[in-house]
Amino acid sequence: MDGLLFIGDSLCDSDMFYLSHFLTGDRFTLLAQEKITLLVSSMEKGRAWKEASADEVISTFQYGVMDKLKASGKPDEAYRQVLVEFLRDRGVRRLGVPFRFPAAIYQHLCRDFLVTVLDSPVSRWRAVKTLQELDAIRSSQKACEKAMRLAVDLVASSEARGENLFRHGRPLTSEQIRSSIEVALLEEGCEAVDTIVAGGVAAADPHARGTGALPANAPIVIDIFPRSKSSRYFADMTRTVLKGEASLEVKEIYQVVLQAQIVGIEAIRAEISGKEVHSQVVQVFREQGYPEREGRGFTHSTGHGVGLEVHERPSLGEAGDALEAGNVVTVEPGLYYPEIGGVRLEDLVVVTAKGNENLTNFERKLVL
């Protein structure tokens, strides 16, 4: 390949942000060769020079984009013409593009270049974090734990009346706790993304956000995964709590999930595969009488990488490859039953040569 080409915006494309450290919601082009070159609009050129870590920043104006627009009357056509000239100037003949590359631009480039669609190597590079990236994730995790503290305290200060929880004489709802979490995260310079506060049978769906009054005497799953608004790095953690009286069955499920999580965390080290970590967690559930079934029990993987995306490489699941020092992964086993709800516990750990460092410093306690 003479270069790897990305086109999009770095708010949505984490690979583009990783390579350029230029954050924008507008479309731009990034060409990765021995050096990184950005092709941006004239409006963004000044900011890109100041903020981006790219080696070169070029404006579409330098390629006569306005004249091409006047001639064709089509903005997309003018942009494609600029793109061809831009690539030719950099000696590109064989070009790689990622799976998510815009189809119309791909078809146009195939007329002049040998274009190969490939799995971007950037996601693999991103999986091993630098010390600076680890510091950014630690910062997001601290904000996450402050928000979790607030959420758990709200449940703890509620009162079980009949089937629901009440606080200050009114039902305590998923929306109230989620709102408090979001405000707390904003105060820490983070943004919340689809925070989960799901109680009772609603929590049997692992990704249900939760709505309405929270139940008494039933597990409540709180899953917070904030992103720093400045560094763009995520954190992730889950706790399951209950206000009132826990049934013997729920207590047993919680203890088994806790045991599985401990086994999973203790297994993590460099060179062990994510598949093996997952296998050890699954074995705990099977030995304790909680086998995997469709729609019941342990219905997802043990964990996933966390960084510029909340779900990224590596995987702690059936397809999990060998872990490397510097990976940041979640360990989040859970058990889910439609008639009971769900129990999940999630910590965030850094893989090291001899083991791991747990970034999560928050107690695991079911009954409040």
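Filtered by the rule that a residue be surrounded by 12 or more Cβ atoms within 10 Å (Cβ to Cβ) and either more than 32 Å from the chain's Cα centre (by Cα) or of a type in the set (Asp, Glu) (or both), region 90-104 gives Arg90, Val92, Arg93. Among the criteria (1) buried (at least 23 other Cβ atoms within 10 Å of the Cβ); (2) under 19 Å from Arg94 (Cβ atoms); (3) among the hydroxyl-bearing types (Ser, Thr, Tyr), the one Ser10 does not fulfil is (2).
Do we have any residue at all in region 58-72 that's within 21 Å of Met1 (Cα to Cα) and β-branched (Val, Ile, Thr)? No, every residue in region 58-72 fails to be within 21 Å of Met1 (Cα to Cα) and β-branched (Val, Ile, Thr). Take the conditions (1) aliphatic (A, V, I, L, M); (2) modelled with pLDDT under 95; (3) surrounded by 14 or more Cβ atoms within 10 Å (Cβ to Cβ); Met66 misses just one of them, which is (3).
For region 167-187, the set of residues classified as surrounded by fewer than 19 Cβ atoms within 10 Å (Cβ to Cβ) and not basic (Lys, Arg) consists of His168, Gly169, Pro171, Glu175, Gln176, Ser179, Ser180, Glu182, Val183, Leu186, Glu187, listed by residue number.
Quick one: in region 211-233, which of the residues that are in a strand (DSSP E or B) and β-branched (Val, Ile, Thr) is nearest to Glu182 (Cα to Cα)? It comes out as Ile224. Note on region 173-187: residues that are more than 18 Å from Arg239 (Cα to Cα) and of a type in the set (A, V, I, L, M, F, W, C) total 2. Taking each residue of region 103-127 that is under 18 Å from Tyr79 (Cα atoms) and looking for partners that are part of a loop (DSSP other than H, G, I, E, B) and of a type in the set (Lys, Arg) with beta-carbon atoms closer than 8 Å, six or more apart or interchain, yields Phe113/Arg93.
Of the residues screened, Gly295 is not one that is on the phi > 0 side of the Ramachandran plot, in contact (Cβ under 8 Å) with a residue 60 or more places away in the chain and in contact with a strand residue (DSSP E or B) (Cβ under 9 Å, 6 or more places away or on another chain).
The values are calculated or read from the model by the stated rules, or taken from the named source; none is laboratory data. Since the model is a prediction, treat every value here as computed from it, not as a measurement. No Cβ is skipped: glycine too gets one built from the backbone with ideal geometry, and neighbour counts run over all protein chains shown.
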